[in-house]
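Below you'll find the structure, written out as structure tokens, and then a few comments.
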Amino acid sequence: MGIFLKTEIQPDCLLGVWEITEDYDELYSMVRLGRTEKARLDSFRNVNRKLEWLSVRALMRSMKGDKAKITYNEENKPFLNGGMYKLSISHSRDLTAILVSPDKRVGIDIEYMSGKISKLEHKFINEREVISADPEKKKFHQYLHWCAKEALYKLCDKQDVNFREGITILPFEPEDNGFLRGHVVNSNGEEVFNLEYLHHENYALVWVCKK
């Protein structure tokens, strides 16, 4: 299927989502890899890992053109074109998501909603947060909290942030798509973020983009 969502969520902040339906040869034909990238791809032994990696490059090319090249810093944080663009990447099962901006901090997370989340809730939901008691909404609500925290964690460079206590998702009623707010505390102080989310089939997707 390839790219099924491409939208500018804010000026100079572009969101893209790719559904992997292609096999290895099809995806490989959609990208142009340099020698270093080809060596990196060949180092993966797992076929699904190869597909994920190729889907990121195919999606990036669809979003920003042939000259778009993803690089990583020493902390393995991705950037585009040598740091000219901020970049956040996420993938789960058959979906790959990218958020990119030249001047805004970005964070994105996508998760396939399995039944395991309830067993992990105590590890990432703090006492200030509220999860719906409605059984029709509870799992999605839990995943939205997880995805929102992951997106904010990435935006903050995964540094000096306590995932459970340092990131608080303010109470909201989950819908198929909408907005939520997150509060982050670290050594830089406190900051409130507006995040957006959507429900696609059995996936939860949350993103944030801020100066």
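None of the figures in this text is laboratory data; all of them are computed from the coordinates on show. Small disclaimer: the values here were computed from a predicted structure and weren't measured. Please note: Cβ atoms are built from the backbone with ideal geometry, for glycine as well, and neighbour counts cover all protein chains shown.
Please arrange 35, 164, 128 by how many other C-beta atoms lie within 10 Å of their C-beta, fewest to most.
Details: 35 7, 164 14, 128 11.
Fewest-to-most ranking of 35, 164, 128: 35, 128, 164.
Are there any helices in the chain, counted as whole DSSP H runs, that stretch 20 Å or more along their axis by Cα and score at least -0.5 on average by Kyte-Doolittle, and if so which? Present the calculation step by step, with values, prior to reporting the outcome.
Details: long enough: 47-64 (26 Å, -0.30); 138-155 (26 Å, -0.68).
Sorted by number, the helices that extend far enough and score high enough are 47-64.
Here is the link list: 69/211; 6/69; 123/154; 77/158. Which ones come out longer than 20 Å on Cα distance? Could the numbers behind the result be given before it?
Working: 69/211 23 Å; 6/69 18 Å; 123/154 18 Å; 77/158 9 Å.
Violating the 20 Å limit, Cα to Cα: 69/211.
Can you sort 89, 3 by how many other beta carbons sit within 10 Å, fewest first? Present the calculation step by step, with values, prior to reporting the outcome.
Numbers: 89 20, 3 17.
Ordered by Cβ neighbours within 10 Å, fewest first: 3, 89.
Which value in deg cm²/dmol, rounded to the nearest 500, describes the helix-derived mean residue ellipticity at 222 nm for the chain, given -39,500 (n - 2.57) per DSSP H run of n ≥ 4 and division by the residue count? Present the calculation step by step, with values, prior to reporting the outcome.
Details: 5 runs with 59 residues, N = 211.
When only DSSP H runs of four or more count, the value is -8500 deg cm²/dmol.
I need the P(r) histogram for the chain: all alpha carbon pairs, bin width 5 Å from 0 out to the longest distance, whole percents.
1, 7, 15, 19, 19, 16, 12, 7, 3, 1, 0
Quick check: Cα centre of the stretch 145-211 to Cα centre of the stretch 35-89, how many Å?
24 Å
Tell me the net charge near residue 168. Cut-off is 11 Å between Cβ atoms, residue 168 excluded, with +1 for each Lys or Arg and -1 for each Asp or Glu. Please list the in-between numbers first.
On the way: positive: 128, 149, 164, 181; negative: 127, 129, 165, 190.
Value of the local net charge: 0.
Rank the residues 200, 145 as a footprinting-exposure proxy: fewest other Cβ atoms within 10 Å of their Cβ go first.
Numbers: 200 15, 145 27.
Placing the least packed residue first, the sequence is 200, 145.
Normalising by the residue count of the stretch 63-149, find the relative contact order in percent from Cα pairs under 8 Å and 6+ residues apart.
Values: 109 pairs, mean separation 15.3, N = 87.
Reported as a whole number, the value is 18 percent.
Around residue 20, with a cut-off of 13 angstrom between Cβ atoms, what is the net charge of the other residues, counting Lys and Arg +1 and Asp and Glu -1? Before the final figure, lay out the partial values.
Numbers: positive: 49, 50, 57, 93; negative: 19, 22, 23, 26, 52, 94.
Net charge in that neighbourhood comes out at -2.
Net charge within 14 Å of residue 207 by Cβ-Cβ distance, Lys/Arg positive one each and Asp/Glu negative one each, not counting residue 207 itself?
Working: positive: 6, 86, 104, 105, 149, 154, 181, 210; negative: 8, 109, 111, 150, 196.
Net charge in that neighbourhood comes out at +3.
Just 139, 154, 64 to compare: in a GNM of the chain, with alpha carbon springs under 10 Å, which one fluctuates most?
Checking each option, the largest mean-square fluctuation is seen for 64.
Looking at the stretch 1-102, I'd like the Rg to Rh ratio, where Rg is from alpha-carbon atoms and Rh is Kirkwood's inverse mean 1/r.
Values: Rg = 12.9 Å, Rh = 13.8 Å.
Rounded to two decimals, Rg over Rh is 0.94.
Take the chain, mark every one of the GluC sites (Glu not before Pro) that falls in a DSSP loop and has at most 15 other Cβ within 10 Å, then report the longest stretch left between them, sites excluded. Can you show the working numbers first?
On the way: sites that count: 74, 75, 127, 136, 165, 175, 201.
Maximal segment without exposed cleavage sites: 1-73.
For the chain, what relative contact order do you get, as a whole percent, if you take Cα pairs closer than 8 Å and at least 6 residues apart? Write down the numbers at each step before the final one.
Values: 402 pairs, mean separation 35.0, N = 211.
The normalised contact order for the chain reaches 17 percent.
Among 179-187, 93-101, how do they line up from the highest to the lowest mean number of other beta-carbon atoms within 10 Å?
On the way: 179-187: 15.3, 93-101: 23.2.
My ranking of the peptides, most packed first, is 93-101, 179-187.
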